[in-house]
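A quick write-up on the structure given underneath.
Coordinate-derived values only; no laboratory data. The shown structure was predicted, so the numbers you read here are calculated from the model rather than taken from an experiment. Neighbour counts are summed over all protein chains in view; Cβ atoms, including those assigned to glycine, are modelled from backbone coordinates with ideal geometry.
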Amino acid sequence: MAILIDGKKTAAEIKEELKKEIQSLISEGKQVPGLVTILVGENPASQSYVTSKSKSCIEIGMLSKVERLSESVREAELLKLIEQYNKDESYHGILVQLPLPAHISEQKVIEAIDPKKDVDGFHPINVGNLLIGNKTLYPCTPYGIVELLKRYNIPTTGKHVVVVGRSNIVGKPVANLLVQKKEGANAIVTICHSAEKDLSKYILTADILIAAMGKANFITAEMVREGTVVIDVGINRVQDKNTAKGYRIVGDVDFENVEKKASYITPVPGGVGPMTIAMLLKNTFQAYQNYPTGK
Ligand code: NAP
């Protein structure tokens, strides 16, 4: 039976570490890190993400502000607001909650954020720095995965990591983080995507599997070999009449059966998910430390 990788507990530890750092800043009379989150429209999932991000900031003593804009806001208006926060010395991190309405270019918005304040790590400058192995602001979910491996002392050097999914927010950055010639990385990485019809061919050779597909329970026990470390990034809703909401959240991995073969496994919920917010806070703290007046 696999050892459970407890993302909730690890995220709480990271938050506690950051809280202590912020408390010492406060006791020295220094400015605290600040995060502004910009939410466009009323997508319920986005609203709930933004609320948890803001709540987490406040819990650890960070300054938090949420800007709520209407669904019909013009792109130019959003870009102007970003520009305002690029100059605002109280806020070291800017996060625009995605997805955005179709009339707004996400890429333009991402590129409008000062890379030094880009705590989502999506700006091409930060993506490029990640790729060439420079210390930078990393995308939060991939950063959280690497941190989980590190905190559970799971070796990566020379290990075969199979990433299923090649999105810009999970698959590609986690693969690029793990392939770097660095401690806590240095892995042999394979990226799979939907052009491969027989994923087992790759997954059966994995020491570490990172599933980021968005397909409920897709990866079954037959596809995984004994002793694999399984990191499940997927967040999928499946109907469940026995719950009050009528659905429950599951990952991309058939947890119940795969945990019998894996050496380590992340649950969904409670695995990678909570780490994403913890790493956002860590990035905001990092952005603050990098900021000229933030010391
Ligand atoms: P995405 O942009 O939809 O990308 C999914 C990737 O999976 C694509 O590269 C796709 O291949 C690949 N894929 C889909 N079906 C496949 C199949 N049958 N075989 C092989 N590859 C397949 O999704 P994402 O944004 O990366 O998110 C992935 C999952 O992680 C979602 O469930 C999302 O909700 C979750 N997520 C969780 C967190 C967290 O904090 N825990 C954060 C972000 C995302 P193609 O490129 O060929 O289409």
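Listed by position, the helices (runs of 4 or more DSSP H) enclosed by region 1-113 that each have at least 1 residues that are over 25 Å from Ala278 (Cβ atoms) are 75-87, 106-112. Restricting attention to region 151-170, the residues that are of a type outside the set (Val, Ile, Thr) and touching a residue at least 40 places away in the same chain (Cβ under 8 Å) total 7.
Starting from residues that are charged (D, E, K, R) and more than 9 Å from the ligand (Cβ to nearest atom), keep the ones in region 230-255 and report whichever is farthest from Gly171 (Cα to Cα). Looking at residues that are charged (D, E, K, R) and more than 9 Å from the ligand (Cβ to nearest atom), I get Lys241. Of the residues making up region 175-195, not a single one is crowded, with 23+ Cβ neighbours inside 10 Å, closer than 18 Å to Gly271 by Cβ and within 10 Å of the ligand (Cβ to nearest atom).
Within region 265-283, identify whether any single residue is surrounded by fewer than 18 Cβ atoms within 10 Å (Cβ to Cβ), over 15 Å from Thr141 (Cβ atoms) and within 10 Å of the ligand (Cβ to nearest atom), and answer yes or no. No, because not a single residue in region 265-283 is surrounded by fewer than 18 Cβ atoms within 10 Å (Cβ to Cβ), over 15 Å from Thr141 (Cβ atoms) and within 10 Å of the ligand (Cβ to nearest atom). In region 35-90, how many residues are within 22 Å of the chain's Cα centre (by Cα) and either β-branched (Val, Ile, Thr) or closer than 20 Å to Thr141 by Cα (or both)? Number satisfying all stated conditions: 23.
In region 103-150, the qualifying residues are those that are closer than 16 Å to Val174 by Cα and free of Cβ contacts under 8 Å to residues at least 12 places away in the same chain, and the one that is surrounded by the most Cβ atoms within 10 Å (Cβ to Cβ) is Asn129.
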